[in-house]
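One structure below.
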Amino acid sequence: MGQNTSAYGYSSGGSAYISDPSLSPHHHDHHSTDSTPSLPDCDFSNQGQDYTSEIPDECLALIFQCLSSGDRKRSSLVCHRWLAVEGQSRHRLSLNASNQAVPYLPAIFTRYDSVTKLALRCDRKSASINDSALALISQRCRNLTRLKLRGCREISDLGMLALAQNCKKMRKFSCSSCMFGAKGMNALLNNCSSLEELTVKRLRGIDNGYAAEPIGPGIGGSSLRSITLKELYNGQCFSPLVIESNNLKTLKIIRCLGDWDRLLEAVAGRKNYLMEVHLERLQVSDAGLMAVSKCPDLESFHLVKAPDCSNDGISAIAENCRLLRKLHIDGWRTNRIGDEGLIAIAKNSVNLVELVLIGVNPSTVSLNAMASNCQKLERLALCGSETIGDAEISCVAAKCKALKKLCIKGCHITDSGIEAFATGCPNLVKIKVKKCRGVSIGVVDQLRARRESLAVNLDVDEVEPQTMDLSTSNGGEFTQIITHDGGHVAEGGNDAPSTSNGARASNKSRFSIFAGRTLAACAFQRLVNGNGSSNESL
């Protein structure tokens, strides 16, 4: 049909990705001024009756959403009507936001005029779209509810102001490696009264060496439910927003410089509804953890590489946050968090469903208390511990009756410890053993033979990353997020090898704020439900 559409990567959920705007169906080989492709009309008078003409546009759109990516793309080129319906039924769009895309933006958003979820990404080697382009997009997409900006370094505070004024229905906003500053963020918060989720990563406009203008709360602060701050130099300029967001449920602060105890104390000083807190590689002490312990609704808590935190802070959270269901602790092998804190968790966190211990050295006493008291525990990870051996693992096998998924990495266990699961943990469906050199493939085969429904993965030769953060979805699957040396985060989506000699290449780091330390880390991947056919699974 004279159209080169190979640059499209459609998904059946109603989204489109355009990596080269020049390959858009609106772009013609001869630069025609006509804004529509050369497609036939839906006139089949010479070929018989066109039965599709009686299908309403709404039903046709639903049919398109059930098609595969390739079929939907090809269907859009059948005739003008199908092209229009297919474009109008797309609500998600992802664009290569280089400045080369600017001439094609009017044509793109003429076709995709119902977009509510938009991602604009530009790589490091290209100049991104500018303020004028963002203003044009915001004028065409006034119903935009979700926006992601990645590497859009040419967008300034003026572009953000235009966006905020035109897209007041914004609910979720995320930016990474952008250059606008506090004025741009305040423009968004002052205009978007329905904003619920805000994620800010590497916002260079506030890293100018001077005290940044305070950000928030604006009219958006009252509706915010989630705030995520990552790798910010002047991240504490967001303090007014965090403190005044009275309906905040999720707070994540990851690799941001500065002392964060005061912010946490200020949040705890008012009535709050925080249910999830994630603190990673921060200057935070037990004073900050004791402030977090004043969040009575807390259900999920992650503490990763915070060397100033000790048993006292963990004990305070365990004693006061009785609804705690998910707990991740990366102790960075400082030995400041140990039996005392873990026993407090065992005594008070009876609703615990998921526990991840990395670089923590529990003893048989604390593990026994945990296994005996946390009867709802379904997911357990024990990684990089110098004190966990066969006796401790046998204790888990004997007493964790509800356990479904287990990961053991870098621990001093042998075949004897793994053999305990032949009869222990009756509900266990998945066990992963990594870098435990005392475990042989023979015992794994025996375990598989005795428990055919149990999925067992053994990997002892994998190149070891420096650190690991583990999170779960509502469905209970573990999602792999490996932080390699230097702190670069990469999300894993491929199936991991289940043999002892499956070596995988590690990614190199691209960002570092803190000096790295050697740590044996646990690598959980999404666990398989059933036969493991999902590409999201391990």
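The values are calculated or read from the model by the stated rules, or taken from the named source; none is laboratory data. Everything quoted here is computed from the prediction, not taken from an experiment. For neighbour counting, all protein chains shown are included, and Cβ atoms are generated from backbone atoms with ideal geometry for every residue, glycine included. These accessible areas exclude ligands, DNA and RNA; they are computed on the full protein's heavy atoms, side chains included. Shrake-Rupley method; radii C 1.70, N 1.55, O 1.52, S 1.80 Å.
For this structure, a couple of remarks:
- Counting only strands (runs of 3 or more DSSP E) that sit completely within region 189-286, those holding 2 or more residues that are open to solvent by 10 Å² or more (accessible area, probe 1.4 Å) and closer than 25 Å to Cys152 by Cα correspond to 197-201, 226-230, 250-254.
- Among residues that are in contact with a Leu (Cβ under 8 Å, 6 or more places away or on another chain) and either acidic (Asp, Glu) or in contact (Cβ under 8 Å) with a residue 40 or more places away in the chain (or both), Leu120 is not included.
- Filter pass, Ile329 being assigned to a helix (DSSP H, G or I), crowded, with 22+ Cβ neighbours inside 10 Å and not aromatic (Phe, Trp, Tyr): no
- Among (1) open to solvent by less than 50 Å² (accessible area, probe 1.4 Å); (2) under 18 Å from Ser176 (Cβ atoms); (3) out of contact with any Gly (no Cβ under 8 Å at 6 or more places or on another chain) - the single one Arg146 does not satisfy: (1)
- Top-ranked residue of region 428-446 - restricted to ones that are in contact with a Leu (Cβ under 7 Å, 6 or more places away or on another chain) and surrounded by fewer than 21 Cβ atoms within 10 Å (Cβ to Cβ), ranked as farthest from Leu406 (Cα to Cα): Ile441
- Within the set Leu289, Leu324, Leu303, the sole residue that is part of a loop (DSSP other than H, G, I, E, B), open to solvent by less than 10 Å² (accessible area, probe 1.4 Å), at pLDDT 95 or above and within 21 Å of Asn351 (Cα to Cα) turns out to be Leu324.
- Scope region 447-462; condition open to solvent by less than 50 Å² (accessible area, probe 1.4 Å) and in contact with a strand residue (DSSP E or B) (Cβ under 9 Å, 6 or more places away or on another chain); matching residues: Leu447, Leu454, Ala455, Val456, Asn457, Leu458, Asp459, Val460, Glu462
- Residue list for region 132-152, filter: in a loop (DSSP other than H, G, I, E, B) and modelled with pLDDT of 95 or more: Leu144, Thr145, Gly151, Cys152
- Residues (over 25 Å from the mean Cα position of the chain (by Cα) and of a type in the set (A, V, I, L, M)) located in region 120-157: Ala127, Ile129, Ala133, Leu134, Ala135, Leu136, Ile137
- Restricting region 345-358 to residues that are part of a helix (DSSP H, G or I) and open to solvent by less than 10 Å² (accessible area, probe 1.4 Å), the residue that is nearest to Ser293 (Cα to Cα): Ile345
- For region 345-357, a residue qualifies if it is touching an Asp or Glu at 6+ places or on another chain (Cβ under 6 Å) and under 17 Å from Pro296 (Cβ atoms), and exactly one does: Asn348.
- Only one of the numbered conditions (1) farther than 25 Å from Ala306 by Cβ; (2) assigned to a loop (DSSP other than H, G, I, E, B); (3) open to solvent by less than 10 Å² (accessible area, probe 1.4 Å) is violated by Lys401, and that is (3).
- Looking only at residues in region 409-427 that are open to solvent by 60 Å² or more (accessible area, probe 1.4 Å) and not polar (S, T, N, Q), the one that is farthest from Lys376 (Cα to Cα) is His412.
- Tally of residues being open to solvent by 10 Å² or more (accessible area, probe 1.4 Å), closer than 18 Å to Leu93 by Cβ and either in contact with an Asp or Glu (Cβ under 7 Å, 6 or more places away or on another chain) or of a type in the set (Phe, Trp, Tyr) (or both) across region 150-188: 2
- Here Leu342 fulfils each of the conditions (1) in contact with a Pro (Cβ under 6 Å, 6 or more places away or on another chain); (2) open to solvent by less than 10 Å² (accessible area, probe 1.4 Å); (3) part of a loop (DSSP other than H, G, I, E, B) apart from (3).
- Checking Ile393 against (1) in a helix (DSSP H, G or I); (2) open to solvent by 10 Å² or more (accessible area, probe 1.4 Å), the condition it does not meet: (2)
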